[in-house]
Protein chains: 4
Amino acid sequence: MKALVYKGPGEKSWEEVPEPGIQRPTDVIVKMIATTICGTDLHILKGDVPAVDTGRILGHEGIGVITEIGSGVTQLAVGDRVILACVSSCGQCSNCRRGLYSHCLNPEGAEGIGWIFGHLIDGTQAEYVRVPFAENSVYKMPDGLTDAEGILLSDILPTGFEIGVQYGHIMPGDVVAVIGSGPVGLAAMMTARLHGPSKIVAIDLDDARLARAAEFGATDTVKSGDADWLEQVIALTDGLGVDVAIEAVGIPQTFTMATLLVRPGGNVANIGVHGKPVELALNELWIKNINISMGLVNTNTLGMLLKLVAEHKLPAEKFVTHEFSFDQILEAYDVFGNASQHDALKVLIH
Amino acid sequence: MKALVYKGPGEKSWEEVPEPGIQRPTDVIVKMIATTICGTDLHILKGDVPAVDTGRILGHEGIGVITEIGSGVTQLAVGDRVILACVSSCGQCSNCRRGLYSHCLNPEGAEGIGWIFGHLIDGTQAEYVRVPFAENSVYKMPDGLTDAEGILLSDILPTGFEIGVQYGHIMPGDVVAVIGSGPVGLAAMMTARLHGPSKIVAIDLDDARLARAAEFGATDTVKSGDADWLEQVIALTDGLGVDVAIEAVGIPQTFTMATLLVRPGGNVANIGVHGKPVELALNELWIKNINISMGLVNTNTLGMLLKLVAEHKLPAEKFVTHEFSFDQILEAYDVFGNASQHDALKVLIH
Amino acid sequence: MKALVYKGPGEKSWEEVPEPGIQRPTDVIVKMIATTICGTDLHILKGDVPAVDTGRILGHEGIGVITEIGSGVTQLAVGDRVILACVSSCGQCSNCRRGLYSHCLNPEGAEGIGWIFGHLIDGTQAEYVRVPFAENSVYKMPDGLTDAEGILLSDILPTGFEIGVQYGHIMPGDVVAVIGSGPVGLAAMMTARLHGPSKIVAIDLDDARLARAAEFGATDTVKSGDADWLEQVIALTDGLGVDVAIEAVGIPQTFTMATLLVRPGGNVANIGVHGKPVELALNELWIKNINISMGLVNTNTLGMLLKLVAEHKLPAEKFVTHEFSFDQILEAYDVFGNASQHDALKVLIH
Amino acid sequence: MKALVYKGPGEKSWEEVPEPGIQRPTDVIVKMIATTICGTDLHILKGDVPAVDTGRILGHEGIGVITEIGSGVTQLAVGDRVILACVSSCGQCSNCRRGLYSHCLNPEGAEGIGWIFGHLIDGTQAEYVRVPFAENSVYKMPDGLTDAEGILLSDILPTGFEIGVQYGHIMPGDVVAVIGSGPVGLAAMMTARLHGPSKIVAIDLDDARLARAAEFGATDTVKSGDADWLEQVIALTDGLGVDVAIEAVGIPQTFTMATLLVRPGGNVANIGVHGKPVELALNELWIKNINISMGLVNTNTLGMLLKLVAEHKLPAEKFVTHEFSFDQILEAYDVFGNASQHDALKVLIH
C-alpha cells in the first residue's frame, strides 16, 4: 500500500510500504477513506518530536472502513464506516475509567500517552491503518455524515471543546477570549456556544483570520497587533477582564496575553502546544484566584459532538477549505504548510 | 488606645493612637480580645508591600467583642464575641454573590481586593478596630470556643482549606503532597482529611518541621534536601505522581517542585505568596492535563470550619505555640520573626 | 396610593391604601413602573394559600424607580430604575451565602422563606412598594432595556433557568423534554440552549401552546393527548429516554410522565407548584440512577440573565402578549385568568 | 462442581452442576475463594424477582483466582487473585464511558442492566464462575488483603459510598442522617467520613443495631421507635434539618422519614431496594429545593475503596460476623436469613 513516511528531519515521502495486520485481539484494520494534516505533523517533519522514528507513517486523524477485526472485538464489524479518535485508549485502565484517555496506561499502547498514531505507531496518512483498542477508539459514522464533517471529529473539534471550553469552565453569560484563530482556536469558538457565553472575542494578528473567526462563532474581534488590544478586550467586559481566556497558539507571548486578560476568579485554558517554557507572573497572579489548565484531548466528548454534527447543530464542515486525493498528499502538505498564503484551514485528503 | 503602627520599612511601634469610630452604616467597632502575627505582616515591615502607608496599624486576624454598631447592622449586637475574617466583603456584589469574597467589588472597601485590614485600612493589632461590612465579615463565637481555637479561623485555617484543599480538588483516595510545613501548609494538611485522601505527604527542608507535620495530619514525610526527594515521593504513589501537589512556601523552586510531583490529570494548588515570577515548563506540561490554581482566601468556609473546630473535630488550637499579652507585642514579633529558632508556629497575643 | 388588595377567597379590589414607608435601614421604596400577574396570584385569590391575610397587596414581580432609601443602603440611589427579584434575601445568612436565597434565614424577612412579596408582606401590584434587603434583592436596569424585557426577570426567566435547566443538570448534547408550555415551561425552553442540548421536546395537551413552544426554542413537539405520546418522545432519543425531563405543570399526572420519560442516569427537574402528593414508583425507579429535583427560584442568576437579555441574546419580551395600564388591572386579571381563551402568556401592567 | 441453585420460590439446593466455560473473548473463569449472601438473594428466594429463572446459581459477590482467560483478555492472567464487582460492565458503551456501569448497554451483557450475576446469568455462590467483561469487572487483590476485607468490596462498600455518600453530595461539615443500620447503611456510615461530615446520625428501631452503628462511624444515634425521633434528630442540627438524609431500608415509611428530616437545599439519597411505590409529598416539598437520588451501584469507586481498605484506612473486615465453609452454605443462609437473632451482619463463605 501507499503511505506518507517520515524520512528524518525535513524529509518525507509517499511510498509503497507493507500493509498492516492485526497484532492484538482488540485491534481492527481500517481502509482509510479520508485523512488530514495537523500542525503537529509539521512539527514532526521539522524534527521537533524526537520520539518519532525515521520510517514512521504520519497522521492521527481520519475516517475509514473496517476491513478486519481482532478476535476480541465484538461490537464492531467488517464494513463499519468509522471515525478514528486521535488518541488510542483501552477504556479500562485507571486513567481511562476517569475519562483521561489521553493518558491511557495500557501497556499494549504506550503506557501513559494516548497519542500514538503517527507518533509511536504508524498513522493514518496511509491506505490502511491498524487501530489498537478499537472498541474504545473508533466511532461509527451515522448515515449521511460527510467526510468533511467526520474528519474534524478525530481531533480538532474535541480538542477545542475539551481543552478550551470544558477545561476553561465556560458558564452561561461568560465573556470568553480566544487567542489565535487557527483550526483549534476556531473549534473552541464554534463549540463555546454549547456553554452559553454572552461574548466570544477572537484575538489574532491577522485580519483575514479574524474575519473567518466571525464566521465560526466569534461575536467580537480584536487585532493583537493594536497597541491597545488589551484595553479593547477589557472594554468588552465589565472592566474586570474576561471570564475565560483560551490560548490557542503555543508561544510564550500569547500565554502571557491570556494571563493579562483574565479577571479575578477566571480561567486560563491553554490549548497551544508549547516548545519553550513560559514565564508565569505568580508575583502578580497569586492573588487573582485564577485557574490555569492545559492538556491533550481525551476525545471522550467525540460521541456527543458527533451527535451534534450529525444533527447539523455544529457546522464542522466549514473547516475544510481544500480537498485532495491521496496521491496529491505532498501537494496537500505544501498548501497546509503555507496555510496563510493559501488561506487554508484544514485540508481533506480522500 | 494602643496599636502596632507601621513606621516605614523596618520600623514599627506599639504606640498611642486615636480610637476608631463608625464611618458607615454597615460598620461595627470591635474591642480586640486576641490577635496574632502573619508572615504577611513581616513582608509589610520589610517594605515589600508598597500599598501599605506609613502610619498604618497592622494585622488582619483576630477575635474581639463588639462595642458599637452602625445604623444598618441588624444581626449583630453590642457584646457579641466574634471572629474577624481577614478579608472584608459586602456579600452582595457580583463577586461576593459567587463566593469570591477575596475580590469584593464594593467601592466602600477597596473595589476588587478584599484584604484591607492592616493593608489599606487599620488592622487588628490594636485595642479597637473598625470592621467594615460587619454582617458579612464577622462570625459569632460559640460558647466554649477558646481564643486559641478562634484565632486560627481568621485566616490560616480557611486559607489552607480553600486555597489548598478545595482549589486542589482533593478527592477520596488521593495522594496529596504539601510542600512547606509552615502554618498554612499545616492548615492544608489538617483540613485535607475532610476530603478523604489516602496519603498526605509533607515535604520540607527541616526535620523539626516534618516531625510537627506528622502531628498535624501528614501520613508520610520527605526531606526536600535529600537528593532523591522526588523519587521518595513518587514511591508513595502508584508511580505516576501525586494527585494533588500543594505549594505552601512561595518561591520559584517549590513551585517547580509541585509541577514535577503532579501526575497527569492532577492538580497543583499554589498557596504561597510569591515575590517573583516563576518559570513554567509548558513545553513539558502542556500534555499533562494538569490544572494550576492560586488565590487569596475567601473565608467563605469560615463558618463551616468554625463548626468543626467548635465540635473539636479540627484541633485548631495546636497551632498556638507561644502566648503574649498585648503590651508584649514587640516581643511576640521577635519570636515570630525568628520562628525556627523559637520553634514557633503561631503566637497568640491577648 | 392605589393597589390590588386581596379581600378574602374570591375577592379582590383595586383601591386606595396608605403608601409604604421605610421600616429598616436596608429597605428602599420603589414607585412601580410595571408589574404582572402570576399563576400564584390566582391560587391566592382562590384561597389556596392560607398564609396570605385578607388586606394583603398582591404581586411579586415588577420594575420601578427608587424613591427613598434606608440609612444602611449605600449602593443604590433615589432615581435608580430597578428590577425587583421575586424573592427577598439578605445575602449574608448561611443559606444566602450558598446561593439559597429562596430560604433566606434573616429574621427581618420570614426566617426560611424568601418569597414574601404579595404573600407575607405587601406586594408589587401597587403604585409603591417597600423592598426589604434592597441591595441583595433589586437589580439596576441597563439603559435601553424595555419594560417587557425587564418584567420577565423578576421571576419567570430565572425560575425556568434555575429550577428547570440548572437543577436538571442539562449538558451539551442532551435531549431535554419539557412537560407544559405555560410561561415557566417556555422559560425553561428558552434558557435551555445556554447549556447546549441537542433537542428540546415540548410536551403539551394543546396545539396552540405547542406551536408557541416551537417559537420559544422547542426543536420538537409532542401532544400529550396522543395515545403514543411516550413512544413519540422516546423515538426522539436513542431509545433509552430523555436525559432531562422538566415538569412545568404541577399535577401528579405530569410528574409521573416525567419519571416515565427519563433515561437511566437522567434527571427529573420539577418546576411545577403542586397541590397534592404524588405517587413515586420507587419500586421501579430505585434501580434507574435518576435524580429528582425541585424548588423555589433563588434569583441568583438574575444578574447573568439580565446581561443576556440586555445584549438581546434571550428574547424575554416575547412572553408579553397583552398590555394594560395600572387602572385596567382588574381587566388584566380577567385576561390572565382565562389565558387560553385570550391566547395570553404574560400581561404587562404599566 | 457444587453450587447454590435456585429451585423456584422458597426452594434452593447446594448441588452438583456443570462447570462453566469461556463463552466470549472477554470472559474469564474464576475459582471462588469466598462469597457471601446479600439481602437480594433472600428476595430472589422468596420469588420476588421474576427475572430469575429456576436453575439459576445465586450470588453476586465474591473473590477468587482466575483459572482461564478468553482470547481478548490481555491485562489479566491465570493465577490472578481478584475481587468480582457485583455489576458486569463493558467499560466502552456510552453509559460505561460516563461511569454508569450499572446500566451497561453492551448486548453481550443484558443491554441496560449491569447486575446480571445470580440474576440473569449464573452467580458466585459456586466453586467456579464465568465472569463477562472481565477486564472492566474484576480488580486484582493486593498482597496481604484478607478475604474478609475483600468480600465487602464486591457490593456493600461501593453501594454505601456511591449511592449514599456520593449521590447524597455529602460536603465537609454536613450533618448526615442514615436511616437503617443494616450492612448497606453501615457502609454509608463508614465511608461518609471520606467527605468530612460533622455528624453522622444513625436512626434505627433496634438498640443493638444502633450500638453497632456507633462502632461503624455514627457519631449520634436516634431510636426511630421514639415518639420524638424527629425532634431528636433536628436537635442535632441547627434546627433546620439534616444536610443529607440517606435511606437504607427500602420501605415507604423510612423514605418518608428521610423527606421529613432533610433541610431546605439538602439531599435525600435512597439506597433501599423498594417493593412498593411511595407517596411523595410534593405539595410540601416542591418549595424545599431538595434533591432525591436513587440507584444501583456502579462499582466505579471499587478501585479507590480497595486502595483505602488495603492501606487499613477503612476497616471493611468489621462487617464479617460469621464464617462458614462452602459446604455449610445452607447453614450460612439460615444465619443470614435470621440475622437479628444471630446478631449477624455479613457471613463469609470460604
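Structure above, values below:
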item: Residue match in segment A:68-82 (condition: assigned to a loop (DSSP other than H, G, I, E, B) and within 20 Å of the chain's Cα centre (by Cα)); result: no
item: Pairs with Cβ under 7 Å, 6+ apart, first in segment A:204-220 and closer than 19 Å to A:Leu236 by Cα, second part of a loop (DSSP other than H, G, I, E, B); result: A:Asp204/A:Gly180; A:Asp204/A:Ser181; A:Asp204/A:Ser224; A:Leu205/A:Ser224; A:Leu205/A:Gly225; A:Leu210/A:Ser181; A:Ala213/A:Ser181; A:Asp220/A:Leu236
item: Test: C:Pro9 is outside any strand (DSSP E or B), on the phi < 0 side of the Ramachandran plot and away from chain B (no Cβ under 14 Å); result: yes
item: Residues that are surrounded by fewer than 16 Cβ atoms within 10 Å (Cβ to Cβ) and facing chain B (nearest Cβ under 8 Å), drawn from segment C:65-84; result: C:Ser71
item: Segment A:8-29: number of residues that are surrounded by 15 or more Cβ atoms within 10 Å (Cβ to Cβ), over 11 Å from A:Glu68 (Cβ atoms) and not basic (Lys, Arg); result: 4
item: Pair list, Cβ < 9 Å and 6+ apart or interchain, from segment B:231-256 residues that are more than 27 Å from A:Ser94 (Cβ to Cβ) to residues that are small (Gly, Ala, Ser) and at pLDDT below 95; result: B:Gly250/B:Gly39; B:Gly250/B:Gly275; B:Ile251/B:Gly275
item: Helices (runs of 4 or more DSSP H) (entirely within segment B:219-313) containing at least 1 residues that are surrounded by 21 or more Cβ atoms within 10 Å (Cβ to Cβ) and more than 7 Å from chain A (Cβ to nearest Cβ); result: B:229-235, B:252-261, B:302-310
item: Residues satisfying the stated conditions in segment C:203-218, i.e. buried (at least 19 other Cβ atoms within 10 Å of the Cβ) and either more than 14 Å from chain A (Cβ to nearest Cβ) or in contact with a Pro (Cβ under 6 Å, 6 or more places away or on another chain) (or both); result: C:Ile203, C:Asp204, C:Arg209, C:Leu210, C:Arg212, C:Ala213, C:Phe216, C:Ala218
item: Test: residue in segment D:215-225 that is among the hydrophobic types (A, V, I, L, M, F, W, C) and closer than 20 Å to D:Ile292 by Cα; result: no
item: Test for B:Leu145: is it more than 14 Å from chain D (Cβ to nearest Cβ), over 25 Å from B:Ala316 (Cβ atoms) and either in contact (Cβ under 8 Å) with a residue 40 or more places away in the chain or in contact with a Cys (Cβ under 8 Å, 6 or more places away or on another chain) (or both); result: no
item: Tabulated pairs, segment A:30-52, first assigned by TED's automatic domain parsing to the domain that holds A:Ile66 and part of a loop (DSSP other than H, G, I, E, B), second crowded, with 22+ Cβ neighbours inside 10 Å and of a type in the set (Ser, Thr, Tyr), C-beta under 7 angstrom, 6+ apart or interchain; result: A:Ile37/A:Tyr333; A:Val52/A:Tyr6
item: Selection count where residues are touching a Phe, Trp or Tyr at 6+ places or on another chain (Cβ under 9 Å) and surrounded by 18 or more Cβ atoms within 10 Å (Cβ to Cβ), scope segment B:323-337; result: 4
item: Single condition B:Gly182 does not satisfy, out of (1) touching a strand residue (DSSP E or B) at 6+ places or on another chain (Cβ under 8 Å); (2) outside the structural domain of B:Leu330 (by TED's automatic domain parsing); (3) in contact (Cβ under 8 Å) with a residue 40 or more places away in the chain; result: (1)
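The values are calculated or read from the model by the stated rules, or taken from the named source; none is laboratory data. This one's a predicted model, so the numbers in the text were calculated from it and none came from an experiment. FYI the Cβ positions are ideal-geometry reconstructions off the backbone, even for glycines, and counts take in every protein chain you see.
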